[in-house]
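Asks: Sharing a structure, written as structure tokens. Questions coming.
The values are calculated or read from the model by the stated rules, or taken from the named source; none is laboratory data. Remember, it's a predicted structure, so these values are computed and weren't measured experimentally. All Cβ positions, glycine included, derive from the backbone under ideal geometry; neighbour counts span all protein chains shown. For the accessible areas, the whole protein counts, side chains as well, though only heavy atoms, and no ligand, DNA or RNA atoms are used. Shrake-Rupley method; radii C 1.70, N 1.55, O 1.52, S 1.80 Å.
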Amino acid sequence: VTSREHPLAAVADVRFADLLDQHFIGLAGGALQDHLDVQAARLGAKLKVRVALRSFDGICGMAGEGAGIGIVPESAARRLKRSTHIAVVRLQDKWATRRLSVCVRDEAALTSPARSLFEHLTAKAR
């Protein structure tokens with residue numbers, strides 16, 4: 001995500017390697033930030049993190065104001081596009097599409113609330 005005035009706002013998608021000269025608004029820890037740091041290291045680079053925030057809302061808000069660019073899940077970007085001044089640019093890299101899994105030891109042993117959550121989370125996959 002970036003501000004609507006940023007040059008990247010004019011493109012539909014971009015390679016991660018082409019972003020490494022930009023200033024980032026990062027996450028204050030977590031799996032996504034770790035994943036991005038690893039991908040940058042694989043390219044022999046380190047992200048230029050201007051500020052690290054705790055939420056996608058904060059990242060999108062600051063990106064919309066021009067403080068830097070951020071990498072957030074597409075669902076968060078779509079949800080926040082109207083309330084912030086962001087443009088959404090997709091990453092072309094294959095690793096950018098993350099596959100998430102829901103794991104349980106024994107589906108039959110789940111409590112009723114846990115089963116409801118499990119069924120909700122896996123409804124599209126079934």
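Asks: With surrounded by fewer than 16 Cβ atoms within 10 Å (Cβ to Cβ) and modelled with pLDDT under 95 as the only criterion, which of Arg82, Arg42 stands out?
Replies: Arg82 is the lone residue from the list that is surrounded by fewer than 16 Cβ atoms within 10 Å (Cβ to Cβ) and modelled with pLDDT under 95.
Asks: Across the stretch 85-94, what is the number of residues that are in a strand (DSSP E or B), out of contact with any Ser or Thr (no Cβ under 6 Å at 6 or more places or on another chain) and open to solvent by less than 90 Å² (accessible area, probe 1.4 Å)?
Replies: 2
Asks: Could I ask something else about it? Is there a residue in the stretch 2-17 that is surrounded by 12 or more Cβ atoms within 10 Å (Cβ to Cβ), more than 30 Å from Thr122 (Cβ to Cβ), in contact (Cβ under 8 Å) with a residue 40 or more places away in the chain and aromatic (Phe, Trp, Tyr)?
Replies: No: zero hits.
Asks: Does the stretch 60-79 contain any residue that is out of contact with any Pro (no Cβ under 9 Å at 6 or more places or on another chain), without any contact (Cβ under 8 Å) to a residue 24 or more places away in the chain, loosely packed, with under 11 Cβ neighbours inside 10 Å and in a loop (DSSP other than H, G, I, E, B)?
Replies: No, the stretch 60-79 contains no residue that is out of contact with any Pro (no Cβ under 9 Å at 6 or more places or on another chain), without any contact (Cβ under 8 Å) to a residue 24 or more places away in the chain, loosely packed, with under 11 Cβ neighbours inside 10 Å and in a loop (DSSP other than H, G, I, E, B).
Asks: So which pairs qualify, if the first residue must be in the stretch 46-57 and surrounded by 16 or more Cβ atoms within 10 Å (Cβ to Cβ) and among the aromatic types (Phe, Trp, Tyr), the second must be part of a strand (DSSP E or B) and at pLDDT 95 or above, the Cβ gap must be under 6 Å, and the two must be at least 6 apart or on different chains?
Replies: none
Asks: Ok, one more. Would you check which residues across the stretch 1-54 are under 15 Å from Pro73 (Cα atoms), touching an Asp or Glu at 6+ places or on another chain (Cβ under 9 Å) and part of a helix (DSSP H, G or I) and list them?
Replies: Phe16 - this is the single residue of the stretch 1-54 that is under 15 Å from Pro73 (Cα atoms), touching an Asp or Glu at 6+ places or on another chain (Cβ under 9 Å) and part of a helix (DSSP H, G or I).
Asks: Between a residue in the stretch 99-126 that is free of Cβ contacts under 8 Å to residues at least 60 places away in the same chain and any residue that is open to solvent by 90 Å² or more (accessible area, probe 1.4 Å) and in a loop (DSSP other than H, G, I, E, B), which pairs come within a Cβ distance under 9 Å, given they are 6 or more apart or on different chains?
Replies: What qualifies is Val102/Ala125; Glu119/Arg126.
Asks: If I filter the stretch 99-116 for residues that are modelled with pLDDT under 95, closer than 23 Å to Ala17 by Cβ and not aromatic (Phe, Trp, Tyr), do I get at least one hit?
Replies: Yes - at least one qualifying residue is present in the stretch 99-116.
Asks: Among the residues of the stretch 95-121, count how many are open to solvent by less than 90 Å² (accessible area, probe 1.4 Å) and either assigned to a loop (DSSP other than H, G, I, E, B) or of a type in the set (Val, Ile, Thr) (or both).
Replies: Total meeting the criteria: 5.
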